[in-house]
Every structure is written in structure tokens, then in C-alpha cells.
Amino acid sequence: MSAGIYRSEAARRSVYEAYDRLAARWPVPREDLDVETEYGTVHVLAAGPSEGTPVMLLHAASMGAPSWALNARPLIEAGFRLFAIDHIGEGGRSVLRNPTRCPSNDGEVAALYAEVADGLGIERGPVVGASAGGQRALRYTLAHLERVSHLALVGPMGLTPLSVRATFKMMMSSVRPTSRRIESTTRWALGTAPAVTEGYGEWFETVLRSVASPPRVARPTATSAEELRTLTVPTLVVLGDHDNLVGPPDGARHRASSIPDVDVHVLSSAHLVNV
């Protein structure tokens, strides 16, 4: 197998092994599904009753589908069938057909998730997105309002612009992944809560070391107030009060107020709010 988006075959194996360790810790039985798309094979972790309401879970950048582990049981107990999707072009078990071509703008991202939903047989249901997955959930919903019943954005990118500092820190960790820089970036991006650092610190560091630079996936872009006003589905926005990537919650709360039917909550959290 080609190393694909990874720096080497050994790097690819290290990511796959770390992924499998995290996926094995899911607190509920799961299935591993693969959906063929225009860009390659999209890997999905599915769990919950087959008759449950289907919900698409779009993970934070470089975190992979296993990062929804702590949310899985309560969502299933609430009656949902979960589909946690590995974003293609990032560290995880989705595989790009051509490592130089992946969804690189908002329209292509929205079309990708429509294709994945088709492959999973999801006609309509809730969509939940964390961080960059929040921005992807926003773009999918804006393009396919008829397919989304409810939207939840958890520590989402896409409301406020990505800061120059955040862009620079993540870029430097990708271009020159020294141990000191990776440790600093992980602490800055994810925070220091034990549930985050013990659960996902090793994974995040493995991905930063292993994925070749530069990442070719579309960077999160801010959604305009005009577009947000067209978002007619009931929307939940959950923000962290010390989130270095989204920024101070007041700015994101103000932008979210453009959504007609929105409920905003602020938690004591760094960026990985779903954890």
C-alpha cells in the first residue's frame, strides 16, 4: 500500500495503529464501514440501533472519528444511530485515491458529505460537527437544508475567522514537527484537561508527526452573517470559554446570533469541547 498522505509507510502504520487503539476504547459496540466517493474511500464508525435516527458526526481537524467516544453512549441512549466519519485527506482510516486531490473548498466539502450520506443511506437527520467539523457541518447544511433536521456545532470553526496565530502555529507544526513544537502546539490547541490529554494527546501528536506537509484539505473559512441567516434548521452552538482556536466566546456568540433558531451555550473548556 502507498504511504499516501503520510511521510512514510512507517508513519502510516503508526497512525493506523493509534487509530485502532482509540477505536477499540469506544464504550459501545461499533461497525467499521467504508463508503466509496469521488475522492476515495471514506471510513465510518457506526454504532447504535439500526432503526435509530441517523446522526452524522464530523470530527475536529486531525482528531479522527474515534474522538466521539465519550459522546457515543448518551447519543445512542437518546435513540440515535451514529455515523462518525473520518474526513478524507486527514490522519485516519479514510484513503484518498489520489494523495494530491481532496475536497479543497466549501462546495466540494458539502458535496463530499452529501455523497457519504447517500452511501450510508441517510436521507435526513441531525448533523453534529466539532471544530473544523463544525465548519464542514455548516457548509453541508447550507448546501442541503432539506437533508438536515437539526444542527449542532461544538467548538466550531466557521463562525469566526481562523486567526493568523492559529494558522501559523499549526502550519509550523506540520512543516517542522519537532518534539518541542508538537508538544507546545498540542497543549495550546487541545488544552490540559486530563480527558483530552490522556485520551487524545498521543493521537494528535502522532498525526502531526506523520501526515506529510502541507495538508491539502480545505481550511475552515468564516461563514457570512447573510449565509447564517438562511440557516433555518434548529441549531445548537456550544462554545469553550478558553478556546484558543475559536477565540473569546463573545465573538462566536455574536456571529451565531444571525442564525434564526439558535441556542448558544458556553462551557468551561478549551478547544475540544465535545470531550
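Remarks
- Checklist (1) over 23 Å from residue 158 (Cα atoms); (2) touching a Leu at 6+ places or on another chain (Cβ under 6 Å); (3) assigned to a loop (DSSP other than H, G, I, E, B) applied to residue 28, failing item: (2)
- Residue match in the stretch 52-69 (condition: polar (S, T, N, Q) and assigned to a strand (DSSP E or B)): yes
- Matching option when the condition is among the hydroxyl-bearing types (Ser, Thr, Tyr) and touching a Phe, Trp or Tyr at 6+ places or on another chain (Cβ under 8 Å), among 206, 223, 186: 186
- Qualifying position, being more than 28 Å from residue 11 (Cα to Cα), out of contact with any Asp or Glu (no Cβ under 8 Å at 6 or more places or on another chain) and not β-branched (Val, Ile, Thr), among 73, 81, 139: 73
- All of 245, 239, 231 fail the test of being farther than 20 Å from residue 186 by Cα, aliphatic (A, V, I, L, M) and either within 16 Å of the chain's Cα centre (by Cα) or in a loop (DSSP other than H, G, I, E, B) (or both), apart from 231.
Every residue, every condition in (1) at positive phi; (2) charged (D, E, K, R); (3) within 17 Å of the chain's Cα centre (by Cα), yes or no:
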| residue | (1), (2), (3) |
| --- | --- |
| 35 | no, no, no |
| 48 | yes, no, no |
| 63 | no, no, yes |
| 67 | no, no, yes |
| 90 | no, yes, yes |
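A quick yes/no check of all residues on (1) of a type in the set (Phe, Trp, Tyr); (2) surrounded by 15 or more Cβ atoms within 10 Å (Cβ to Cβ):
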residue	(1), (2)
186	no, yes
200	yes, yes
207	no, yes
210	no, yes
229	no, no
249	no, yes
272	no, yes
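- Counting the residues of the stretch 119-156 that are surrounded by 24 or more Cβ atoms within 10 Å (Cβ to Cβ) and among the charged types (D, E, K, R) gives 2.
- Restricting 143, 117 to those that are within 18 Å of residue 36 (Cβ to Cβ) and at pLDDT 95 or above reduces the list to 117.
- Selection of the stretch 44-53 for residues being open to solvent by 10 Å² or more (accessible area, probe 1.4 Å) and either polar (S, T, N, Q) or in contact (Cβ under 8 Å) with a residue 40 or more places away in the chain (or both) yields 50, 53.
- Residue check for residue 41: touching a residue at least 60 places away in the same chain (Cβ under 8 Å), open to solvent by less than 70 Å² (accessible area, probe 1.4 Å) and over 18 Å from residue 68 (Cβ atoms): no
- Selection status of residue 242, open to solvent by 60 Å² or more (accessible area, probe 1.4 Å) and at pLDDT 95 or above: no
The values are calculated or read from the model by the stated rules, or taken from the named source; none is laboratory data. If you're wondering where the values come from, they're calculated on a predicted model, not measured in any experiment. No Cβ is skipped: glycine too gets one built from the backbone with ideal geometry, and neighbour counts run over all protein chains shown. Accessible surface areas use protein heavy atoms only, side chains included; no ligands, DNA or RNA. Shrake-Rupley method; radii C 1.70, N 1.55, O 1.52, S 1.80 Å.
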